[in-house]
Amino acid sequence: MNLYWRLLLLRLRLFTARRVGPWDTVRTPFRVVPTDLDLLLHMNNGKYLTLMDLGRMDLMLRSGMWAKVTERGWYPVVAGQTITYRRSLNPFQRFDLLTRVLGVDDRWIYLDQTFVVGETVHAHAVVRARFLKKGGGSVEHAELEELIGAFPGHDLPDWLAGWTEATKIGSPTLDVSRAV
């Protein structure tokens, strides 16, 4: 339920938030609330991933991209993500989530998402995503470029290709014969 309140607040904030381009960095403000906490009374690791959804939504809404893709029957999906936690976020602490497109390769769009308090990084994540069509299939990069303009020439870090390859799931079934 907490996510829906935050989504509503995000939508209301659009009336005063500055418009951005799809390749800009957005700063989405948050505060740690009691429903974000784990047993150690700091923000639960899963909450970071949930709030990252809102950061990506903020970027798409403020850039006008959300309206364009949904009009075509497209929707974004996360295919993989990696996150590193550096410092805890504590009860009622204010923080910002910085979200930007890191770049694209032949198949994926990569996003960089960083949780900060002031200039101090508390967590950093990289997300691998793409757009799918409600009628089935993936949105090709050429279709996406036609809709929002040419992709900028960002150089992706070398490790991303290895990460993408290393995290592929080879088979859609799981061998449970050794499960206890």
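The values are calculated or read from the model by the stated rules, or taken from the named source; none is laboratory data. Just so you know, these numbers come straight off a predicted model, no measurement behind them. Cβ coordinates were reconstructed from backbone atoms using ideal geometry, including for glycine residues, and neighbour counts include every protein chain displayed. For the accessible areas, the whole protein counts, side chains as well, though only heavy atoms, and no ligand, DNA or RNA atoms are used. Shrake-Rupley method; radii C 1.70, N 1.55, O 1.52, S 1.80 Å.
Go through the residues of segment 72-89 one by one and say whether even a single one is within 19 Å of Arg6 (Cβ to Cβ) and of a type in the set (Phe, Trp, Tyr). No, because not a single residue in segment 72-89 is within 19 Å of Arg6 (Cβ to Cβ) and of a type in the set (Phe, Trp, Tyr). Considering segment 147-161, and only residues there that are open to solvent by 40 Å² or more (accessible area, probe 1.4 Å) and in a helix (DSSP H, G or I), the residue that is nearest to Trp74 (Cα to Cα) turns out to be Ala161. Of all residues in segment 94-117, those satisfying the criterion of being open to solvent by 50 Å² or more (accessible area, probe 1.4 Å) and either at pLDDT 95 or above or in contact with a helix residue (DSSP H, G or I) (Cβ under 7 Å, 6 or more places away or on another chain) (or both) are Arg94, Arg100.
The set of residues in segment 5-43 that are of a type outside the set (Lys, Arg) and within 17 Å of the chain's Cα centre (by Cα) comprises Leu7, Leu10, Val20, Gly21, Pro22, Trp23, Asp24, Thr25, Val26, Thr28, Pro29, Phe30. Restricted to segment 42-93, and to residues that are among the acidic types (Asp, Glu) and within 29 Å of Trp163 (Cα to Cα), which residue is most open to solvent (accessible area, probe 1.4 Å)? Applying the filter and picking the extreme gives Asp53. Of all residues in segment 134-172, those satisfying the criterion of being within 14 Å of Val101 (Cβ to Cβ), touching a strand residue (DSSP E or B) at 6+ places or on another chain (Cβ under 8 Å) and among the hydrophobic types (A, V, I, L, M, F, W, C) are Leu144, Phe151, Leu156, Leu160.
Within segment 34-49, residues that are under 16 Å from Phe115 (Cβ atoms) have Cβ atoms under 8 Å from residues that are part of a helix (DSSP H, G or I) and of a type in the set (Lys, Arg) in these pairs: Asp36/Lys47, counting only partners at least 6 apart in sequence or on another chain. Selection of segment 22-38 for residues being at pLDDT 95 or above, over 17 Å from Arg62 (Cα atoms) and either of a type in the set (Lys, Arg) or loosely packed, with under 12 Cβ neighbours inside 10 Å (or both) yields only Arg31.
State all residues of segment 119-146 that are buried (at least 16 other Cβ atoms within 10 Å of the Cβ) and either of a type in the set (A, V, I, L, M, F, W, C) or not in a strand (DSSP E or B) (or both); if no residue qualifies, say none. Of everything in segment 119-146, those that are buried (at least 16 other Cβ atoms within 10 Å of the Cβ) and either of a type in the set (A, V, I, L, M, F, W, C) or not in a strand (DSSP E or B) (or both) turn out to be Ala123, Ala125, Val126, Val127, Ala129, Phe131, Val139, His141, Leu144.
Select from segment 162-180 the residues that are open to solvent by 70 Å² or more (accessible area, probe 1.4 Å) and either touching a residue at least 12 places away in the same chain (Cβ under 8 Å) or assigned to a helix (DSSP H, G or I) (or both) and list them in ascending order. Glu165, Ala166, listed by residue number.
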